[in-house]
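Beneath this line is the structure, given in structure tokens, with notes to follow.
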């Protein structure tokens with residue numbers, strides 16, 4: 001079977017048997033076309049590929065300046081394609097199963113410095129119920145590091161104003177306790193006094209309420225944060241997840257240990273939290289290069 005026919009049968013299989021979306025199918029087709037172009041350029045038979053050929057292909061992709069993420073996606077597509085060839089008895093073994101994806105580049109997370117956090121907070125008014133609620137949302141995201149979905153799901157029973165803590169139900173239904181400071185407490189107390197004005201019919205268990213008296217959704221919180229970001233007049237954009245990054249970075253900058261930050265963020269793997277040490281180290285390097293007198297000579 002020629003590669004063109006095999007490719008078309010595979011794409012049809014993705015669509016009709018696996019119910020893949022048209023967009024996903026197009027991604028697979030694009031990756032297979034790149035591979036096909038490589039095979040033709042080097043006069044290779046797709047059914048007789050060996051390890052040496054795969055190394056040449058990886059170099060081919062690297063020469064095209066593809067990122068590790070794109071190369072990984074391409075290899076995943078080829079792995080699926082060759083699995084299909086094994087399944088329909090064209091091949092006995094999928095050689096791409098032995099090929100590891102390249103390590104993905106770790107992108108340093110964006111975060112706000114302390115001055116920028118204060119600038120945003122100072123720009124938020126407290127004269128209306130919604131204004132107070134929005135300021136409270138921003139402060140809690142920053143002071144606790146919780147996810148937007150976790151913030152949306154906080155109930156009044158989860159909140160402990162004496163202990164300044166919140167019981168959070170995180171990913172995988174894993175429960176953890178997070179803490180907040182004096183400013184968040186002050187804002188929460190003010191918000192709780194006017195929260196009833198947002199309710200329409202009876203009470204609901206959730207801490208944050210929308211304008212029609214229901215639970216404030218994750219999407220609504222993201223929209224509120226987008227509006228806050230636009231009105232903040234900062235030189236760069238930020239999202240709710242930026243505040244989670246900011247929380248972790250500021251804790252580490254002030255001497256918090258990595259495992260404590262891991263627990264507060266609700267990360268299952270310490271490796272996920274370690275990215276923030278790179279942010280802190282990069283900041284320290286920048287300070288050193290800017291300030292040390294010997295570096296200026």
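The values are calculated or read from the model by the stated rules, or taken from the named source; none is laboratory data. Since we're looking at a predicted model, the values are computed, not measured. So basically every Cβ, Gly included, is an ideal-geometry build from the backbone, and we count neighbours across all protein chains shown.
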Item to check | Test result for residue 140, at pLDDT 95 or above, surrounded by fewer than 20 Cβ atoms within 10 Å (Cβ to Cβ) and closer than 29 Å to residue 256 by Cβ | outcome: no
Checklist entry - Can you name the number of the only condition in (1) within 18 Å of the chain's Cα centre (by Cα); (2) surrounded by 17 or more Cβ atoms within 10 Å (Cβ to Cβ) that residue 68 fails? => result (2)
Checklist entry - Out of 38, 10, which single residue is in contact with a helix residue (DSSP H, G or I) (Cβ under 8 Å, 6 or more places away or on another chain) and touching a residue at least 60 places away in the same chain (Cβ under 8 Å)? => result 10
Checklist entry - Based on what the data block shows, is residue 187 under 22 Å from the mean Cα position of the chain (by Cα), assigned to a helix (DSSP H, G or I) and either touching a residue at least 24 places away in the same chain (Cβ under 8 Å) or over 18 Å from residue 129 (Cα atoms) (or both)? => result no
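Yes/no matrix, rows are residues, columns are (1) in contact with a helix residue (DSSP H, G or I) (Cβ under 8 Å, 6 or more places away or on another chain); (2) modelled with pLDDT under 95:
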residue: 87; (1), (2): no, yes
residue: 102; (1), (2): yes, yes
residue: 125; (1), (2): yes, yes
residue: 136; (1), (2): yes, no
residue: 158; (1), (2): no, no
residue: 161; (1), (2): yes, no
Item to check | Options 252, 192, 230, 243; residue that is more than 18 Å from the chain's Cα centre (by Cα), modelled with pLDDT of 90 or more and not in a loop (DSSP other than H, G, I, E, B) | outcome: 192
Checklist entry - Looking at this structure, is residue 258 in contact with a helix residue (DSSP H, G or I) (Cβ under 9 Å, 6 or more places away or on another chain), at pLDDT 90 or above and either surrounded by 12 or more Cβ atoms within 10 Å (Cβ to Cβ) or not assigned by TED's automatic domain parsing to the domain that holds residue 136 (or both)? => result no
